Structures are given as structure tokens and as C-alpha cells.
1. Return the sequence-ordered ³J(HN,Hα) values of the stretch 118-133 in whole Hz as given by the Karplus equation 6.51 cos²θ - 1.76 cosθ + 1.60 applied to θ = phi - 60°, using x for Gly and Pro.
2. Compute the distance from the alpha-carbon center of the stretch 404-450 to that of the stretch 533-556, in whole Å.
3. Long-range amide H contacts for residue 178: which residues qualify at under 5 Å (H placed 1.01 Å from N, peptide plane, sequence gap of 5 or more or a different chain)?
4. Near the amide H of residue 426, under 5 Å away, which other amide H atoms are found, from residues 5 or more places off or on another chain, if H is placed in the peptide plane?
5. Express the carbon and sulfur contribution to the solvent-accessible surface of the stretch 114-182 as a percent, rounded to the nearest whole number, probe 1.4 angstrom.
6. Based on the mean of other beta carbon atoms within 10 Å per residue, what is the order of 532-539, 473-480, most packed first?
7. Any chance you could look up the accessible area of residue 372 with a 1.4 Å probe, heavy atoms only, rounded to 10 Å²?
8. Work through the residues other than residue 558 whose Cβ is under 11 Å from its Cβ and net out their charges, Lys, Arg +1 and Asp, Glu -1.
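The values are calculated or read from the model by the stated rules, or taken from the named source; none is laboratory data. Note that the structure is predicted; figures quoted are calculated from it, not measured. Neighbour counts run over all protein chains shown; Cβ positions are idealised from the backbone, glycine included. Note: accessible area is taken over every heavy atom of the protein model, side chains too, but ligands, DNA and RNA are not part of it. Shrake-Rupley method; radii C 1.70, N 1.55, O 1.52, S 1.80 Å.
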Amino acid sequence: MIARDTGRSLRLWVGVAALAGFCLVGLALLTWEPRDEVVAERSVVSSEGAVSEVAPLSAAQPDLASPAREALGDGAEPESATPTTASVTRPVAATNIVVRDAEGRHVSDVAVGLRGRLEAGVATSGANGAFLWSAAKGHGHLVAADGRWATVLSAATRVAHDEVSTLVVAPPVDIVGRVEDWLGRPVQAAVQIRLPEDLRGRLGASLEHSRELRYVAETEADGRFALPASPAVRGAILELRVNDRLRASLPMPMSAGAETVFTLPRPDNALELPLLLGRVLDDAGQPIEGVRVHWDRCVTATTDSQGHFALHPTTACRTSALVAVKSGWGPAVHAFDLDESGVPVVSAPIVVVLPSLQTLDGVVVDEHGRPVGQCWVWLKNPVYAGLDGRGPLFAETVAEGKTHRGWDQTVTGIDGRFSLVGVAGHVYQVAALDRETFAQGEARGTAGDRSIRVVLSREGMHPLDVTVVDQSGAPVAGARVSVMLETSRINTNGPGELPREHSAWYPLVTSTTDAAGLAAFESVGGDRAKLSIEGPDIDPLDVDVTAQHFSEGRITVEVIRTAEVVLTFALPEPGDRVAFIDADGRECSVTLTHGGGGVSRTNRAPLTGGDLLLRVNVDARFAVLVRNGQKIRTPVQLAPGTLNRITL
């Protein structure tokens, strides 16, 4: 009798313990919510495999899946959206990481390390793809350190203790090909991989702490390109961009094989200009090999061993000059005459003389004439040579031997001295900035000047309080407010033309709004100032700061609070449109995030089939499907801070 009672009591306690365990698991599942915002920097993997930072990426970066590896097993199904980490005992200084393939399946036995710092150590994913990354190995973004896998989305290591960071991988494939025009001539272009739009839904996981690695390659002089060890993701495409414009796309090869060939059709408005022949020489009249000759965004050429080049214009180049550049030599600009219609007049072969490398030297001082060290110094009006697949190309950057695009600056020594290398025979606006006091100054100079004097001043600097509110007038906490510095103002038409100015901006200092939506700056000023505002669940916004704002010392900025929406279309038809409207029937703003990371702002998103990831104004109350002239309204209730799913 006593034995039976004891056994019954024991079974009761076991039942109670099991029930308590299920309750705790259920509570964890109910309270765990993936945060929807992913403000991630993308990285570019060049054809040589080098990785560099690029612009911020939306949370919805799609990722393509690859065939299951042996680690998954045949017929493996994607895991639940809730990360499986219960089997791992987490030390205090460690991060939960889960490795998935592009179909959302967990992948075990993958070697993982810090991007750019694999020597810090690697870890291997365990059962269900889960493992702990020790803080002792350092922080950054994790990538596959295993030749069997290529990284699609890297995983951040610095996350909250109760969050999971997702690393997405796919089998690697080597892609090779060439780009040519309709006459078979090589074309300078960029080829990049764009991930499919349904990738996020395919993964079924929070990607808040993931960054996309964007794989891109530029064509060589013969039009050939290579994308080695690229992730083979189902549904991915290869995009061809010429002068930063999308010109063609092809399905991405899932295995190595025949080369991929892009053939550009003849444009309807093509204007066949005469073949432009020329030669590039040095000061002594000797030919220079390997000089890149740029003519607007139309064409480029490279000189041969005798300095000869040939340009094949196929569109109306409206720039009145071409620019010749080579690392270690000064840039040269050759101007053309224009006819009545604005087309350059090209006749006999031209000769371009490339000068030796020149500098522009000077000193930065404060208002009392004292030298200021550790200041940024740069050219506000560099010579614009044209566009390539990675953006604007500046003659001075190439001449100095640098390969990056965009803003380039030098730093003064302790004596305030600076030297700008690779300058052309051009009147420059030299700018300087004290990074501690934000005092600024400018001066003019030309190549060969040795005594440029830039005087820093805080005149016109003011404190500024920035208040960020949403469309209802409620304060927005946690918004990142950056004061933007105008780094350059260039003429994109080229030297000698009527200017079509383009300004570039750099975030100088950043503050985060408090509970009252306030971000306070001690000193803001300059001829032109701009604020950039972004953050969780709001549409990013740039705002100009006027003289009135400075005099008042404050500015209130209204942003649109948004929610992340995954929109699924059961049976999309050609010509379908979708819009979101509020309770009064007014159309709400929508941000459509495409698979490759490009963001297109529009109030109507075209239906292309599959899932679309959107950022929608939280005031939206109806999703309206417009089909064959009929409007089908679906009620919606959007909640920021979570993933909203809508099916039409």
C-alpha cells in the first residue's frame, strides 16, 4: 500500500513538472517577437573577393535558397520561425547564432568567423545550426569560413542577450561571362547578384541583425567579368548596370558551366558619332600605356602600349570634354567644341598630354593664426570624369592611386600642414574641418600651389534642438538624427559646360532622440546644413536647416511612422495594382523593398507575384487591390514593431 502511494505521488510530481515546463515554453513562444527593423550596412564582394562597406540596407533583404547539403539530410524541412537554441547553455559573454540556408533550413557543421578577421578564431554550427559565439573572439559580423558555403547574410555578434542573430549561407558557384553591345564590342559595366523578393518569407526568421553581402564585379577592358564563390540562391538573378543604370537581367546560374553573355540592344535613340581616335603622351612626348580615357557617361577606353585609344560613341555624348587619368600621373582634360545642337565636334585624332603628378599644399590655422592638426581637408569640387559600375569617378582619386569612390579627404599634421595629391590644372575649392570643434573654412587653389591658407572659423555656428514627431504629433523616441556635412559640389556635365550640380553629404555627428523626441546639438552651422533622420518604424527623411531654424535654435521634424508588411498575392494577374488607404480614403505612403536591396518609393506598388516586403504608413486601414477596373478592399490593422502579414 505504501509502495503504491509513493509511486502515485511520484507520477503526480512528474506530471506537474512537465506541465510547468510546457507552460514556460509556451510563455517564451508568446513573448518572443522578432524585431522588424533591420538597418544593416551591405557589403560588396568584388570579383577578387574583397569586402567593403556600402550603403544601409532595408530589413527586407531577400535571400535565395540553395540545394540542401549533407548536413541537412534529404528531405529536410525548414524549421520554425522561432530560433532553436534551447539545447545550448549560454555563458554571460556569448551570442546566440543560428545558421540557415536560403530555404530557411538549419545547417550544422559550418565553420564561421568574423568578416575580415578570421584569424580571431572560428566556431562551428552545431545541431539545428545553433552555436554560441564567445565575446572573447571579438565582435563584428560573422561570415562562412568554410569553402563549402558562401555567405548570403552575415550575422551580427553584438546583440541583446535574449536575441538570436541569423547567418544565411548557400553553396558557392563560380560565375564568368562577358558584356557586349549589338556590334559585339566590349562594354564597361557592372554585374551584380540580386536576391529574390520572397527570400524573407522563405527564411521564416528575424533578420534584424543580418547584413547582406552584395556580390558585384566590373567588366575588364575586353568586357569579361567574374563572380567567384557566389552564393547559389534559387530565384536569384544577375543584373547588368551600365553607368549605374539597370540595362538587363538574366537568371543566375546555379552551377559552374558555360559563360553568361549579356548583349545590349541598339538604343532607339542611338546617335552614331564618328570613331574618336587619340593618343596620350607624357611631357616628353613619350606614349603612356594603361591610361583610362573617360568621355561623359558614354564611353571609356584604355590606351595601348603606344598610347593609342579609340572611343566608340553610340549615344549623344553631351559633355564638352574628355578626361584622361592614370595612377601616378596628373589628370588631363581635353575640351571639345559643340555644334548648334550641343553635340561635340570631333574631327582629326586628338593628342592628350598627361602631366606629372602634382600636389596642392597648404596649412590650416584657427582664427588666431595658430596651426590646427588632425583636421580633415578635401576638395569640394573635384574633376568629374564619369561614371562606372560603382558610382562617380573623380580624376584626382584615380591619379593618387586610390580605388574607392565618393568622398576622399586627407588629415593635417600637428603643424597644420596638408598636401593634396593628383590635382589637375583646375581651380579648386579646398575645404577644412576641425573634427572636435566643427569649425570650418575654405580657400581656393590650383595645382602647384604651395601656400594655401585655410582659416577655420566657428562663425555662424549655433546650438540646435531637433524634435522628431510622427504624423499624429506624438514624439518619436529612439530616432537617429545626423547633422550632414556637404563634402562636395560637382558639375556632372563635365568641365566647361553649364553646371548641373550634384552635392554629396557625410554624417558629421549623430544623436538619438529621447522620450520627448528631442535630440540636442551644441554646435551646428555652415553655409548649407542638412539633417538625416532614420530609425525603427519610421520612413527615413532628409531635412534642410534654414537660417530661421538657426536663429530660433530649434526645428520640429515630422516623420511617418510605419509598420513592416509582408504582402502575399494568391493569384496575381498582369496589370494588378495595390494601394493602402486610411479611414478617410486618403492614400498612404508605401516603401517597396526589392530583392537586391534597392528601395523605390511609390504610393502604388506593382504586383509581380510572390511575396513583397513593404513599409506602410501605420494610418492605413485598407489594402486596395485594383484589378480590371474593380477595387477590392481588405481591412488591415498595422502594428509597428512586428511583422504584419497580409494576403490578397
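1. Whole-Hz 3J(HN,Hα) from phi for the stretch 118-133: 5, 5, 5, x, 10, 10, 10, 5, x, 4, 6, x, 8, 7, 10, 9.
2. 29
3. Answer set, sorted by chain and number: 225, 260, 261, 262.
4. Answer set, sorted by chain and number: 447.
5. Details: 1300 of 2590 Å².
Ligands and nucleic acids excluded, carbon and sulfur give 50 percent.
6. 532-539, 473-480
7. Solvent-accessible area, nearest 10 Å²: 20 Å².
8. On the way: positive: 561; negative: 470, 539.
Summing Lys and Arg as +1 and Asp and Glu as -1 gives -1.
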